[in-house]
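The values are calculated or read from the model by the stated rules, or taken from the named source; none is laboratory data. Worth saying up front: this structure is predicted, and the values here are computed from it rather than measured. We place every Cβ from the backbone using ideal geometry, glycine too, and count neighbours over all the protein chains shown.
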Amino acid sequence: MSYILPEQKIYIAGHRGMVGSAIVRELNKLGYHNIVTRTHAELDLTNQLAVNDFFALEKPDFVFLAAAKVGGIYANNVYRGDFIYQNLMIQNNIIHASYVNGVNRLMFLGSSCIYPKNCPQPIKEEYLLTGPLEQTNQPYALAKIAGIEMCWSYNRQFGTQYMAVMPTNLYGPGDNYHPENSHVIPALIRKAHEAKQSGAKEMVVWGSGTPRREFLYCEDMAEACVYLLNLPEEEYKKQLNDQHPPLINIGTGVDMTIRELATTICDVVGFKGELVFDASKPDGTMRKLQDVSKLNGMGWQASMPFIDGLTNAYSEFSNHLQ
């Protein structure tokens with residue numbers, strides 16, 4: 001039995017992003033159509049007054065906080081002030097307005113970069129704040145950690161029911177393929193496609209190729225988010241207590257090297273040239289594999305085969321070039 005009723009109002013912050021748009025599709029698929037959205041032009045989420053007015057007007061019952069300023073290693077490292085300021089403002093405004101306006105449940109979407117750079121693998125939720133962060137994305141990570149703490153603090157002080165979920169590296173429909181500001185999968189898809197189109201003999205990949213990463217298809221991510229927010233009352237409240245943050249990892253529990261990833265993408269795209277790894281470029285964290293046993297224990301597992309997800313992603317990228 002679903003906890004969220006069809007007539008209840010659901011606000012998706014960041015509905016045009018890869019995750020937010022996937023959550024909208026998942027909700028529609030399940031028969032939820034009372035969905036509230038606003039574009040950035042309609043509502044600046046860094047503007048506290050505007051956010052407060054919006055919540056007072058719409059009075060949503062549930063909130064998915066998927067809005068964020070995001071990017072890859074380059075963007076995180078260069079636009080450090082933008083990343084910490086904008087993300088703190090967005091999440092502070094939405095979480096507080098949700099409390100003031102009586103939102104039933106809120107889901108805050110974070111990132112696996114919240115965990116220490118060199119923590120044990122696979123990464124359990126309790127490893128949060130047990131060591132130094134990766135320097136290249138520390139401003140973004142600190143903003144997301146503050147969001148987790150804010151959800152937990154509001155739950156403890158005000159009795160709210162706010163949950164934080166930490167997705168692993170995401171890819172799929174709606175991804176950002178910008179040549180400098182994208183994450184690793186869209187960046188490599190674009191690079192392999194352009195190398196194939198130009199007839200290049202080789203393709204240069206940033207870093208040594210040895211770091212390992214876990215990847216989750218965005219439709220799986222959306223399914224997990226809706227599944228968790230829809231948990232029955234008793235099961236949901238088990239995740240919210242004073243002893244630990246209301247934090248749940250979302251991923252596949254399987255990782256691969258960047259070399260393996262690049263090779264697979266070249267196979268999907270059809271680039272036959274040689275891969276060259278530029279070790280002068282940053283690798284980032286050497287391994288980020290999440291422990292997803294908590295989520296699996298609640299009855300949810302990722303289902304999209306990686307090769308199928310990559311094929312879908314490349315198909316979407318190719319269609320946008322038409």
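Counting only strands (runs of 3 or more DSSP E) that sit wholly inside region 235-313, those with at least 3 residues that are over 20 Å from the mean Cα position of the chain (by Cα) and in contact (Cβ under 8 Å) with a residue 60 or more places away in the chain are 274-278.
If you check Arg156, Arg105 for being more than 20 Å from Met18 (Cα to Cα) and buried (at least 17 other Cβ atoms within 10 Å of the Cβ), only one passes: Arg105.
Scanning region 12-51 for residues that are assigned to a strand (DSSP E or B) and either out of contact with any strand residue (DSSP E or B) (no Cβ under 7 Å at 6 or more places or on another chain) or touching a residue at least 60 places away in the same chain (Cβ under 8 Å) (or both) returns a single hit, Ala13. Among the conditions (1) touching a helix residue (DSSP H, G or I) at 6+ places or on another chain (Cβ under 6 Å); (2) in a helix (DSSP H, G or I); (3) not basic (Lys, Arg), Glu316 misses just one, which is (1). When you scan region 214-229, do you find a residue that is more than 23 Å from Asn118 (Cα to Cα), part of a loop (DSSP other than H, G, I, E, B), among the aromatic types (Phe, Trp, Tyr) and touching a helix residue (DSSP H, G or I) at 6+ places or on another chain (Cβ under 7 Å), even just one? No, every residue in region 214-229 fails to be more than 23 Å from Asn118 (Cα to Cα), part of a loop (DSSP other than H, G, I, E, B), among the aromatic types (Phe, Trp, Tyr) and touching a helix residue (DSSP H, G or I) at 6+ places or on another chain (Cβ under 7 Å).
Taking the conditions (1) small (Gly, Ala, Ser); (2) modelled with pLDDT under 95; (3) closer than 18 Å to Ala97 by Cα in turn, Ala67 satisfies each one other than (2). Only residues that are farther than 25 Å from His183 by Cβ and of a type in the set (Asp, Glu) were counted across region 92-134, and they come to 1. Within region 52-93, the only residue that satisfies the criterion of being hydroxyl-bearing (Ser, Thr, Tyr) and not in a helix (DSSP H, G or I) is Tyr79. Counting only residues that are within 19 Å of the chain's Cα centre (by Cα) and among the basic types (Lys, Arg), region 1-37 holds 2 of them. In region 188-203, the residues that are of a type in the set (A, V, I, L, M, F, W, C) reach residues that are crowded, with 20+ Cβ neighbours inside 10 Å and in a loop (DSSP other than H, G, I, E, B) with C-beta atoms within less than 7 angstrom, at least six apart or across chains, in these pairs: Ala192/Phe271; Ala195/Phe271; Met203/Phe271. The residues of region 181-211 that are charged (D, E, K, R) and in a helix (DSSP H, G or I), listed by number, are Arg190, Lys191, Glu194, Lys196.
Table: residues versus (1) polar (S, T, N, Q); (2) buried (at least 16 other Cβ atoms within 10 Å of the Cβ); (3) within 25 Å of Ser198 (Cα to Cα); (4) in contact with a strand residue (DSSP E or B) (Cβ under 9 Å, 6 or more places away or on another chain).
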| position | (1), (2), (3), (4) |
| --- | --- |
| Asp267 | no, no, yes, no |
| Gly270 | no, no, yes, no |
| Leu275 | no, yes, yes, yes |
| Arg287 | no, yes, no, yes |
| Asn296 | yes, no, no, no |
| Ile307 | no, no, yes, no |
| Leu310 | no, yes, yes, yes |
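What is the one condition in (1) modelled with pLDDT under 95; (2) of a type in the set (S, T, N, Q); (3) more than 30 Å from Met163 (Cα to Cα) that Thr257 does not satisfy? Condition not satisfied by Thr257: (1).
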